[in-house]
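The values are calculated or read from the model by the stated rules, or taken from the named source; none is laboratory data. Since this is a predicted model, take the numbers as computed values, not measurements. Note: ideal-geometry Cβ built from the backbone for every residue, glycine included; neighbour counts use all protein chains shown. Just so you know, the surface numbers come from the protein's heavy atoms only, side chains and all, with ligands and any DNA or RNA stripped out. Shrake-Rupley method; radii C 1.70, N 1.55, O 1.52, S 1.80 Å.
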Amino acid sequence: MSERWSLSGKQVLITGATSGIGLAAAQELAARGAHVALVARDPDRGAAAAERIRTAGERLQVSVMHADLSSLASVQALAQEVLDRCERLELLVNNAGAMLSRRELTAEGIERTWATNHLAPHLLTSLLLERLRACAPARIITTASDAHRGRSIPFEDLGAERSYRLGGFARYGETKLANILFTRELARRLEGSGIGAYCFHPGVVASGFNRNNGPLMRALMAALRPFSRSPQEGAQTLVWLAAAQSEELQSGGYYVDCSLREPSAAARSATDAQRLWELSEQQIRQALAPAGAG
Ligand SMILES: NC(=O)c1ccc[n+]([C@@H]2O[C@H](COP(=O)([O-])OP(=O)(O)OC[C@H]3O[C@@H](n4cnc5c(N)ncnc54)[C@H](OP(=O)(O)O)[C@@H]3O)[C@@H](O)[C@H]2O)c1
């Protein structure tokens, strides 16, 4: 019979924990006894989030690490810091995400939404996999979205040079589709390892999401607020996936409101999941190759 899973004493790493769903989830995971390491790109926001969690109980275990997840070099440095500072890692939560109304390239030459929402989770997970494996049973949870519906991965235009439209919404949906395909392929690769991979849609949540895109988008988000969930409600499925017994969960699954749901047909394609994995590895290798190499 398998050992009962409990969050108590588990080491968690959670990205995007300075606000919204990530902060609410980090608070709840710490309250349930997990040791929570928050990832923040801004040191002040990271310190404020940690302080907010500590005010709920001085014995709550929380620490902060820093990374700009739109930079693969920064993700690489974060992974090294985790390996140096955390002997154990049982739960990785890839939650950080953003939508950008205008197409931008990062210093590494990658479209920024794709780099932040998809390549960062892919690389961070890959670099931490051996530590998770050594600490199994372990879990990887990625925050996806129902915004993936109606989208497909532009395999011939991964940088979205031709397809960036709808004020960044189409691109955002592609990255969330990539989160689901990533989870599916990760689960396949991890079969029998004792590591489960899950993703979920949090609902429409009144968070900091889409407030970076100017006054019009801020006004739209404010108008949606009465119809939106609180960050705590948005974090419920994440916390449930983190706390449930393994037998209740299906690795590779897409969850909504604490239930397994069928994502779109595009998100169920095993061929696309494998193709995306290989292309993502290639993109990461090229971006991180020393200048002049290859
Ligand atoms: N809100 C919704 O309705 C909704 C619906 C479906 C899915 N989601 C998903 O839920 C997740 C969390 O979003 P949220 O709604 O909680 O929004 P949020 O309040 O804006 O939180 C986003 C988090 O991601 C962090 N982040 C963004 N870009 C980053 C970068 N380059 N490097 C490091 N951290 C970065 C933000 O850090 P800063 O504090 O530094 O900005 C913040 O902590 C996202 O993956 C989003 O796609 C949200």
Over the range 188-294, give the accessible area per residue in Å² for a 1.4 Å probe, as an integer.
53 Å²
Paired Rg and Dmax values of the range 164-294, which use every Cα atom, in angstrom
17.6, 53
List the trypsin sites (Lys or Arg not before Pro) within the range 233-275 that DSSP assigns to loop and that have no more than 11 neighbouring Cβ atoms inside 10 Å.
none
Express the carbon and sulfur contribution to the solvent-accessible surface of the chain as a percent, rounded to the nearest whole number, probe 1.4 angstrom.
48 percent
Built amide H within the under 5 Å cut-off of Q11, gap 5+:
H35, E90, L91
Please list, by residue number, everything in the range 162-201 whose backbone N is under 20 Å from a paramagnetic label point 7 Å out along Cα→Cβ of R268.
174, 176-189, 197-201
Assigning unit charges at the beta carbon (Lys, Arg +1; Asp, Glu -1) and nothing else, what dipole magnitude in debye, to the nearest 20, does the chain show about its Cα centre?
540 debye
With every protein chain left in place and a probe of 1.4 Å, what is the accessible surface of Y172, to the nearest 10 Å²?
20 Å²
When only C-alpha pairs under 8 Å and at least 6 residues apart count, what is the relative contact order of the chain, in percent?
19 percent
Could you pull out the longest piece of the chain with no exposed loop GluC sites (Glu not before Pro) in it, calling a site exposed if DSSP puts it outside H, G, I, E, B and it has at most 14 other Cβ atoms within 10 Å?
192-294
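Shape call for the range 1-139 from the C-alpha gyration tensor, a ≥ b ≥ c root eigenvalues: rounded (a/c under 1.5), prolate (a/b greater than b/c) or oblate?
Cα axes put the range 1-139 in the oblate bin.
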For the chain, the helices passing both cut-offs (Cα extent along own axis of 18 Å or more, Kyte-Doolittle mean at least -0.5, full DSSP H runs) are 72-85, 120-134, 169-189
Considering only DSSP states other than H, G, I, E and B, which trypsin sites (Lys or Arg not before Pro) in the range 137-174 qualify as loop sites with at most 11 other Cβ atoms within 10 Å?
R162, R165
Rule-of-thumb Rg ratio for the range 11-287 [Cα; 2.2 N^0.38 Å; N residues]:
0.93
Using +1 at the Cβ of each Lys and Arg and -1 at the Cβ of each Asp and Glu in the range 68-207, identify which of V204, A115, L129 lies farthest towards the dipole's positive end.
V204
